[in-house]
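Down below is the structure, laid out as structure tokens.
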């Protein structure tokens, strides 16, 4: 397909930001990849590699590294924001101080801010000066950076309150290896992408305990029900959770060694404490922070989230992982269809309210 060549800034030179920069460079765009580590930026510009995050991957020459945020933002109308959730506000503050023209911001991180309980798109809208923000677009789905950088087939979703802008971002990224769908349900897309990290932590714990595939299948299935219950209460469409940013992202994150949340959970299951795990990972484990936010959301919306509850106790209340699994297994009897019925009832209630 023919496409207009654009200059795009990717803010965050970790594994995911670098992999997405590669996709954009493959599509013949000029990519300005910003990172705060000068040595890493020099490596990318000299050797066209980013060995810390994507070893053995040769980067296209269309990717130029920048350590100056001002230089990276110069001459671009679209930025890909690929920094951890906890860094969003700081980075947006710096952009506010530099930028004079409006931007479309594509957020590719997955998380929810504790205490404020804001999704990432809401954090950006709150923090960014209104006259500098053209639109916020969310890109999410089952996509490990390691596989994207190898140009393995990958499918993701983009969503926005401005679907015309979402369509433009779809066109920027889509190619033979990287297929992009659109979905207008930005709440569901962000909730699915964030909460699947909680279930992935739990799945890693069961694997670390040696409990096998039966336990993991149960966690994924019940985890999806848990995510959908909360998402529906927050206004998401139940159909979103059967799609790429729901069950798709949940499967890939709970079953792959590429998943840092699964790896962190696996270490917890093998007896390491949380601080040891975080020190060992060397990268942000978004599921830890999101577990705090999800527990607060469950209380706010009066939603039953047993997996989140026991994982919170493992992470922050020193509950033993084996005891946590026992707590889940010892819960009172329920009918499996009860959750599905409740979700569908909620969906119908929302539809009926909208029609009046």
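Just so it is clear, none of the values below were taken in a lab; they were calculated from the coordinates. Because the structure is predicted, anything quoted here is derived from the model rather than measured. Positions of Cβ are backbone-derived with ideal geometry, glycine not excepted, and every protein chain shown enters the neighbour counts.
Points worth noting:
- If both residues of a DSSP beta bridge must be in the chain, then about 20% of such bridges are antiparallel.
- Residue of 108, 303, 158 that the Gaussian network model of the chain assigns the largest fluctuation, springs spanning Cα pairs under 10 Å: 303
- Angle in degrees between helix 88-98 and the longest Cα principal axis of the chain, rounded to the nearest 10: 20 degrees
- Degrees separating the helix 306-316 axis from the principal Cα axis of the chain, which is the longest one: 70 degrees
- The distance separating the Cα centre of segment 33-84 from that of segment 157-173 comes to 23 Å.
- Subtracting the Cα-Cα distance of residue 4 and residue 275 from 0.36 nm times their residue separation leaves 92.9 nm of extension gain.
- For the peptides 194-206, 247-259, the ranking by packing is 194-206, 247-259, with the highest mean count of neighbouring Cβ atoms within 10 Å listed first.
- Angle in degrees between helix 337-354 and the longest Cα principal axis of the chain, rounded to the nearest 10: 60 degrees
- Reported label for calculated Rg and Dmax of the Cα atoms in Å given [x] 21.9, 69; [y] 21.1, 63; [z] 20.2, 62: [z]
- Protection proxy ranking, highest mean first, for peptides 74-82, 35-43, 136-144, 177-185: 136-144, 74-82, 177-185, 35-43, where packing is the per-residue count of other beta-carbon atoms within 10 Å, averaged.
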